[in-house]
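The values are calculated or read from the model by the stated rules, or taken from the named source; none is laboratory data. This one's a predicted model, so the numbers in the text were calculated from it and none came from an experiment. Glycine also receives a Cβ, built like all others from the backbone with ideal geometry; neighbour counts cover every protein chain displayed. Side chains included, ligands, DNA and RNA excluded: accessible areas come from the protein's heavy atoms. Shrake-Rupley method; radii C 1.70, N 1.55, O 1.52, S 1.80 Å.
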Amino acid sequence: MNVLICIIIIIGISLDVLGTMEIEGAMLGEIKRADMALASMLVIGMQLLFFFGGYMACAMMVRYNIFTHGEVTASIIAVSIFVLLGIRLLVKGLRKGFVEERRQEFSLARYMRIILTLCVYTLAAGCACGFINASMLLMLVTMVICSAAVTVGGIFIGYHYGFGSKSTGYYVGTLFLWIAGVYVFVTSLYPMIAG
């Protein structure tokens with residue numbers, strides 16, 4: 001699979017974390033380095049666990065021919081996942097949900113709940129990447145870098161500028177996930193259907 005597309009997929013799902021961290025950063029009364037390090041490690045660990053859990057499960061399904069029409073079915077599911085994840089981010093960007101602004105301290109329990117919710121979608125993205133046999137090493141490196149960057153960046157952006165710009169990240173994430181879906185369709189699915 002194309003290196004650029006692998007990177008685009010990880011950036012696309014990471015932008016969901018960025019928007020969420022902007023909201024959390026806007027609520028913090030003070031940013032402490034220890035809290036930032038803990039939040040980053042939490043996000044990286046959970047993202048990797050869920051992404052590669054989904055990746056391995058779905059890669060094994062393809063490897064052991066669980067599906068009747070193996071690669072075609074796997075590609076259809078992968079395209080569908082990328083499209084649906086993109087639609088979800090688009091809806092999050094368009095929706096003007098109420099955010100209660102109040103200063104609060106860093107809370108590991110609150111971050112765990114937030115990250116666990118986001119990881120459900122990371123699991124789905126991992127499944128899609130497992131279905132299309134994306135490079136595990138590239139995904140690992142990109143996910144560690146992106147998870148750390150969006151966690152720290154999102155908290156700092158939210159802390160200094162508020163959470164008003166979070167929608168832009170959702171729109172870019174939508175675009176990236178749809179590009180990945182189109183790429184998989186054009187390079188994997190269409191040749192199998194047409195041929």
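Given the condition assigned to a helix (DSSP H, G or I) and surrounded by fewer than 18 Cβ atoms within 10 Å (Cβ to Cβ), answer yes or no: does some residue in region 91-105 qualify?
Yes: one or more hits.
Please state which one of Y183, Y170 is assigned to a helix (DSSP H, G or I) and more than 15 Å from I5 (Cβ to Cβ).
Y170
Would you be able to tell me the number of residues in region 32-58 that are more than 30 Å from I132 (Cα to Cα) and surrounded by 16 or more Cβ atoms within 10 Å (Cβ to Cβ)?
3
Which members of region 137-194 meet the condition of being open to solvent by less than 50 Å² (accessible area, probe 1.4 Å) and hydroxyl-bearing (S, T, Y)?
If the condition is that a residue be open to solvent by less than 50 Å² (accessible area, probe 1.4 Å) and hydroxyl-bearing (S, T, Y), then T142, S147, T151, S167, Y170, T174, S188 are the ones that fit.
Being at pLDDT below 90 and of a type in the set (G, A, S) is the filter; apply it to region 170-195 and report the residue that is farthest from V79 (Cα to Cα).
G195
Out of the residues in region 59-78 that are assigned to a loop (DSSP other than H, G, I, E, B) and among the β-branched types (V, I, T), which is least open to solvent (accessible area, probe 1.4 Å)?
I66
Go through region 60-88 and give me each residue that's touching a Gly at 6+ places or on another chain (Cβ under 7 Å) and at pLDDT below 90.
V62
Just the residues that are β-branched (V, I, T) and modelled with pLDDT under 80, please, taken from region 89-102.
V99
Just to be sure before I move on: is A134 at pLDDT 85 or above, under 19 Å from the mean Cα position of the chain (by Cα) and under 30 Å from S188 (Cα atoms) in the structure I sent?
For A134, the condition - at pLDDT 85 or above, under 19 Å from the mean Cα position of the chain (by Cα) and under 30 Å from S188 (Cα atoms) - is met.
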